[in-house]
Amino acid sequence: MFFLNDRQGWIVGKHGTVLGTVDGGRSWQLLNDTDFSRKRETFWSEHLLFTDERHGMVGVCCGECSTGGTWLMHAWVTSDGGRTWAMISHEEAEKTDLMKERTFETSRGELWTVFHQADVGYKKIGEESWHSAMKLIPGQEGWYRDVWFSSPKTGCMASNLGLYRTVDGGATWSRRTGFEGEPTLVRMTSDADITISVGPRLHESHDGGQTWSEAWSGPSDIVGLTYLPSGAGIAIGKGGLILRRSVIISATQK
């Protein structure tokens, strides 16, 4: 899922279905239903980027993608707002800014990103090779699925072991509790305001993860989550579920 601004956005589904909105997610239009998965045994549209209302790109990851190998197997580009797509080479895709929305620069001179599901990676700026976060935290080896930094010092990682938060740019991490299950997605709208997905549920905290409340519980797992510049939140779930909340309650509003 990617939003160019408060009004225009796109969703690319697991099998390549493309939906578009021009009213901030209140309504959606089917733009393309080409089954990209026929071209790959496994399809994960992990990276989506539009540079304007017409030109965009989707990056496809699969099981072979990792920090130890190539992060992107294939990519498709569109020049008509998502109605038609053409495949480009792996080399062409890696020269683009496709991953920039999901890459964060920290106060320690590091870059953090998500390669595909269950593979958060980091490296020093200027290094060629990425390192997996799997063994980063002593005694907490696990599958780190998502990462988000709200500022150069403060960020969160979602993993099968729980949610971890840093306030020193990733040098140290502390576990946050107060909810049941394994978080898969994390988004932050400020250092204090955190939203996570845990299966079919959304939980939110307004005090840096010290306490939590359930914001949504539904029939299908949440697989996409974003906040617009206006503060509106959009979540997507398996089976075509799309949720929209007009205003987020933040720590500064309480």
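Quick grid of which residues meet (1) among the hydroxyl-bearing types (S, T, Y); (2) touching a Ser or Thr at 6+ places or on another chain (Cβ under 6 Å); (3) modelled with pLDDT of 90 or more; (4) not assigned by TED's automatic domain parsing to the domain that holds G9:
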site: F43; (1), (2), (3), (4): no, yes, no, no
site: L48; (1), (2), (3), (4): no, no, no, no
site: C61; (1), (2), (3), (4): no, no, no, no
site: T70; (1), (2), (3), (4): yes, no, no, no
site: A75; (1), (2), (3), (4): no, no, no, no
site: D80; (1), (2), (3), (4): no, no, yes, no
site: I88; (1), (2), (3), (4): no, no, no, no
site: E91; (1), (2), (3), (4): no, no, no, no
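To keep it simple, each residue is scored yes or no on (1) in contact (Cβ under 8 Å) with a residue 40 or more places away in the chain; (2) acidic (D, E); (3) more than 19 Å from G208 (Cα to Cα).
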| site | (1), (2), (3) |
| --- | --- |
| D80 | no, yes, yes |
| W85 | yes, no, yes |
| D97 | yes, yes, yes |
| F115 | yes, no, yes |
| G126 | no, no, yes |
| H131 | yes, no, yes |
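One residue stands out in the stretch 177-204 among those that are surrounded by 21 or more Cβ atoms within 10 Å (Cβ to Cβ) and touching a Pro at 6+ places or on another chain (Cβ under 9 Å): the one that is farthest from G121 (Cα to Cα), namely H203. Taken together, the criteria exclude D35 from residues that are outside the structural domain of R187 (by TED's automatic domain parsing), at pLDDT 80 or above and surrounded by fewer than 14 Cβ atoms within 10 Å (Cβ to Cβ).
Among the residues that make up the stretch 178-187, is at least one of them in contact with a strand residue (DSSP E or B) (Cβ under 8 Å, 6 or more places away or on another chain) and more than 24 Å from E141 (Cβ to Cβ)?
Yes, the stretch 178-187 has at least one match.
With V223, V167 as the choices, which residue is surrounded by fewer than 21 Cβ atoms within 10 Å (Cβ to Cβ) and modelled with pLDDT under 95? Every option except V223 fails the conditions.
From D119, D191, D146, D168, which residue is touching a Leu at 6+ places or on another chain (Cβ under 6 Å) and not assigned by TED's automatic domain parsing to the domain that holds L49?
Numbers: D119 fails: touching a Leu at 6+ places or on another chain (Cβ under 6 Å); D191 fails: touching a Leu at 6+ places or on another chain (Cβ under 6 Å); D168 fails: touching a Leu at 6+ places or on another chain (Cβ under 6 Å).
Of D119, D191, D146, D168, the one residue that is touching a Leu at 6+ places or on another chain (Cβ under 6 Å) and not assigned by TED's automatic domain parsing to the domain that holds L49 is D146.
Given the structure, is W28 surrounded by 15 or more Cβ atoms within 10 Å (Cβ to Cβ), in contact with a Leu (Cβ under 8 Å, 6 or more places away or on another chain) and either at pLDDT 70 or above or on the phi < 0 side of the Ramachandran plot (or both)? Quick ask: steps written out before the conclusion?
On the way: surrounded by 15 or more Cβ atoms within 10 Å (Cβ to Cβ): yes; in contact with a Leu (Cβ under 8 Å, 6 or more places away or on another chain): yes; either at pLDDT 70 or above or on the phi < 0 side of the Ramachandran plot (or both): yes.
When the stated conditions are applied, W28 passes them.
For the structure I just gave you, tell me whether T211 is over 24 Å from D23 (Cβ atoms), surrounded by fewer than 14 Cβ atoms within 10 Å (Cβ to Cβ), of a type in the set (S, T, Y) and at pLDDT below 90. First the steps, then the outcome.
Numbers: over 24 Å from D23 (Cβ atoms): yes; surrounded by fewer than 14 Cβ atoms within 10 Å (Cβ to Cβ): yes; of a type in the set (S, T, Y): yes; at pLDDT below 90: no.
Judged against the criteria, T211 is not a match.
Yes/no matrix, rows are residues, columns are (1) among the aliphatic types (A, V, I, L, M); (2) assigned to a loop (DSSP other than H, G, I, E, B); (3) assigned by TED's automatic domain parsing to the domain that holds G9:
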residue: T211; (1), (2), (3): no, yes, no
residue: W216; (1), (2), (3): no, no, no
residue: T226; (1), (2), (3): no, no, no
residue: G231; (1), (2), (3): no, yes, no
residue: I234; (1), (2), (3): yes, no, no
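Can you find a residue that is among the charged types (D, E, K, R), under 14 Å from Y164 (Cα atoms) and at pLDDT below 90 anywhere in the stretch 120-141?
Residues of the stretch 120-141 that are among the charged types (D, E, K, R), as a first pass: 123-124, 127-128, 135, 141.
If we keep only those that are under 14 Å from Y164 (Cα atoms) too, we end up with 135, 141.
Now drop any that are not at pLDDT below 90, which leaves 135, 141.
For the stretch 120-141, residues among the charged types (D, E, K, R), under 14 Å from Y164 (Cα atoms) and at pLDDT below 90: present.
The values are calculated or read from the model by the stated rules, or taken from the named source; none is laboratory data. On a predicted model such as this, the values are computed, not experimentally measured, just so you know. Here the Cβ is made from the backbone with ideal geometry for all residues, glycine too, and neighbour counts use every protein chain on show.
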